[in-house]
1. Which one of A:Leu360, A:Leu319 is within 30 Å of B:Leu232 (Cβ to Cβ) and either surrounded by 14 or more Cβ atoms within 10 Å (Cβ to Cβ) or modelled with pLDDT of 95 or more (or both)?
2. Out of all the residues in segment A:1-40, which are within 14 Å of A:Ser62 (Cβ to Cβ) and aromatic (Phe, Trp, Tyr)?
3. Which ranges mark the strands (runs of 3 or more DSSP E) fully within segment B:246-363 that have 3 or more residues being outside the structural domain of B:Asp164 (by TED's automatic domain parsing), buried (at least 17 other Cβ atoms within 10 Å of the Cβ) and touching a strand residue (DSSP E or B) at 6+ places or on another chain (Cβ under 7 Å)?
4. Can you tell which of A:Ala103, A:Ala84 is assigned by TED's automatic domain parsing to the domain that holds A:Phe190, in a strand (DSSP E or B) and buried (at least 17 other Cβ atoms within 10 Å of the Cβ)?
5. Filter segment A:327-346 for residues that are within 20 Å of A:Ser243 (Cβ to Cβ) and away from every other protein chain (no Cβ under 14 Å); which is surrounded by the fewest Cβ atoms within 10 Å (Cβ to Cβ)?
6. Can you pull out the residues in segment A:243-263 that are away from chain B (no Cβ under 14 Å) and surrounded by 15 or more Cβ atoms within 10 Å (Cβ to Cβ)?
7. Just need a number here: residues in segment A:140-154 that are β-branched (Val, Ile, Thr) and surrounded by fewer than 23 Cβ atoms within 10 Å (Cβ to Cβ).
Amino acid sequence: MAEIHLKSLAHSYLKNPNGDSDYAIREMDHVWEDGGAYALLGPSGCGKSTLLNIISGLLEPSEGQVLFDGIEVNHIPPEDRNIAQVFQFPVIYDSMTVYDNLAFPLRNMKVPEVRVTSRVNEIAEALELTDVLKKKASNLSPDEKQKISMGRGLVRSDVSAILFDEPLTVIDPHLKWKLRRKLKQIHEQFDITMIYVTHDQLEASTFAEKIAVMYGGQIVQFGTPRELFERPNHAFVGYFIGSPGMNLVDVKRSDTGVRFNTTDVPLEPSLKSLLDSLTSSNVKLGIRPEFIHVWEKKTEGAFECSLDYVEDLGTYKILTLNLDEEIIKVRLDEDRAIPNGKIYISFPEQWLKIYVDEYLIEADVTPLNDSSEVKL
Amino acid sequence: MSLVLKNVSHEVGGQKYLDNVNLTLESGSFNVLLGRTLAGKTTLMRLMAGLEKPTSGQIFMNGHDVTGVAVQKRNVSMVYQQFINYPNLTVRENIASPLRLSKVSENEINKRVNETADMLQISQYLDRLPLELSGGQQQRTSMARALVKDASLILFDEPLVNLDYKLREELRSELRVLFAERKSIAVYATTEANEAMALGGITTLIHEGKILQSGVVNQVYRGPKNIEAAKLFCEPPINLIEGQITLDEVSFFDSVHFPLDEKLKDLPKRKFIFGVKPSHISLVPKNDDDLELPMKVELAEISGSETYLHVYNEQFSLILQLSGVLNYAIETPVNVYLPIHKLFVFDLDGLTIKVPTFDMENL
């Protein structure tokens, strides 16, 4: 088991990188703590595969250090790093039995056969593979095969971390959640550092205690699934997490808060003075469709909008509204009627976010209470 | 313009892929084929396109029997799951290729390629090769090629399945806008209930080669004709529990009992399958007649903005679809509240007996 520290790490595929855009990974300092369940989430091209290859040792970083429990491993090849990897497609020996597949890494290390048996049985039980141990691997379903790939990583007691690279791609949609559950249980039982790389918010949020969201070669937020949803630290996180993502509107400073076109949105005074203390003109207002309040009638502090489009998604509706020439999406529960004619919306202070140069600014930071339910 | 399939069946090597399909697709309509993998969606599209001839039955385009007419002689375009582009041609030439085949003038080609590329937001990549683009841009290129000619029938076979969900969200809403003003018939195959809902239009449910139901999307969603339709058109899947109706109550597995309400009291006293949508169960009571059930958490799946809570007791399991991000450890005890008035009732053969009433005015 190990803590993985990426220290002043950066990577460029170019010999003489010049400026941020030449870097696949821009300089970062990041710690994956020992025993954590993590996800690395981002769109294609964000640099997450590069980072994964640097951790596993397939790629040597051009700058900075990779430290396992404080020891630099930059030059250590993957096979000597004690890292197990589970890929998109199961990597197993089709002609061997499930038992022999699981035993293979141990036999390679010349572990005595008695210990092999007890360890294989233990892992098979945890993965619910006991009934198929004697079967040829080729006869198994994709989800069973993928469990064997995981098992081959877990059997080795010297493994410091398991890296998953989109491991559920080939799994039948109806079985995916069962494998997600299995992964969580395995993490609890074996207490091993796990890093799950994916572009899918569902996979990441279900598996991980904390998610690193990558965008443009940087980790723009490292937080719990709830933090990513309720307090996105970067405009990209607001956009990327949630369906649909956060409404983001370019705004300018006004006397009482911010303004777009002819609409003034007042801000709470301490947030307003924080905003005014910064000089950048790249200011965005952000609010999630779930948190916008919809009124039936004209109401003090509410903005008048016209309705462009209604998407009935069954369990809820997404209204596309036009607020002073800006598109605002609002989520309404299935049971709520759509007001006739004009629609009035307001932005509850708690959920109204301001981004300067893409990053969240907050006047007073109150920690999220994880046990309380969100009132929507 | 209309496309009519009449008693269409298709077999390959003794195996039935489609079983007596009858469908009418109108000009300007957006039709979504919703079915699981191997349900027959691709076969049905191939027959519509003329890539294959059905074993039996007829296909009519604008009233003309086109059953045996080859694809080259029909005005059809198709977009596949894989991004299919000519790798050695620029994006511009890829998009232009169907027009070159039909000998359209150079001016007209330029005009239409530019318009289509604008629409799909790939104008800045026109001079690049497809492999120099991201997956989303490559799929936009193949879509542009399908849309650049005025095909009377445009078929999409799970076109977004290989893209990440943000791109899917964007392309889906673009498609809806693109087709809003077209006269052509669009057919879009998907395995995902939520995608079918988001696309709107006419939804046709297909299961094991048979059409289960076809109609306006939210009517099919809220009024499934049978249990297969209800299962297919609900994601996360509809909760189903077998129950017994007796003189004055309903019981699930002898352990859960609740009185018959107005809606259920005229049902015969026998076994039924009761269904409830994951979004209708909650963690707090919402109505007087909510049924309180003590359960344990099997898994909390978090989608980013929603939580799918899997819970179970000794007899059955349920899935709840909840708004927001909620953390529940595996095995946590929770009370869930099931609204009696939102129950679906199916008979043991799977036919729908009751659906929850809903106010069509609000749709």
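1. On the way: A:Leu360 fails: within 30 Å of B:Leu232 (Cβ to Cβ).
When all the criteria are applied, what remains is A:Leu319.
2. A:Tyr13, A:Tyr23
3. Numbers: elements: B:249-252, B:256-259, B:271-276, B:290-302, B:306-312, B:317-323, B:333-339, B:344-346, B:352-354.
Filter on segment B:246-363 gives B:271-276, B:290-302, B:306-312, B:317-323, B:333-339, B:344-346.
4. Working: A:Ala103 fails: in a strand (DSSP E or B).
A:Ala84 is the lone residue from the list that is assigned by TED's automatic domain parsing to the domain that holds A:Phe190, in a strand (DSSP E or B) and buried (at least 17 other Cβ atoms within 10 Å of the Cβ).
5. Among them, the one singled out is A:Ile345.
6. If we filter segment A:243-263 for residues that are away from chain B (no Cβ under 14 Å), which is where we start, we get A:249-263.
A:Val249, A:Val251, A:Arg253, A:Ser254, A:Gly257, A:Val258, A:Arg259, A:Phe260, A:Thr263, listed by residue number.
7. Step one: of segment A:140-154, the residues β-branched (Val, Ile, Thr) are A:148.
Checking the rest, the ones that are also surrounded by fewer than 23 Cβ atoms within 10 Å (Cβ to Cβ) come to none.
The total comes to 0.
Here is a yes/no grid of residues against (1) surrounded by fewer than 20 Cβ atoms within 10 Å (Cβ to Cβ); (2) touching a Leu at 6+ places or on another chain (Cβ under 7 Å); (3) at pLDDT 95 or above; (4) assigned by TED's automatic domain parsing to the domain that holds B:Ala186:
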{"residue": "B:Met45", "(1), (2), (3), (4)": "no, yes, yes, yes"}
{"residue": "B:Met48", "(1), (2), (3), (4)": "no, yes, yes, yes"}
{"residue": "B:Glu52", "(1), (2), (3), (4)": "yes, no, no, yes"}
{"residue": "B:Thr55", "(1), (2), (3), (4)": "yes, no, yes, yes"}
{"residue": "B:Leu89", "(1), (2), (3), (4)": "yes, no, yes, yes"}
{"residue": "B:Ala96", "(1), (2), (3), (4)": "no, no, yes, yes"}
{"residue": "B:Leu101", "(1), (2), (3), (4)": "yes, no, no, yes"}
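The values are calculated or read from the model by the stated rules, or taken from the named source; none is laboratory data. If you're wondering where the values come from, they're calculated on a predicted model, not measured in any experiment. Ideal geometry is used to build each Cβ from the backbone, glycine not excepted, and the neighbour counts take in all protein chains shown.
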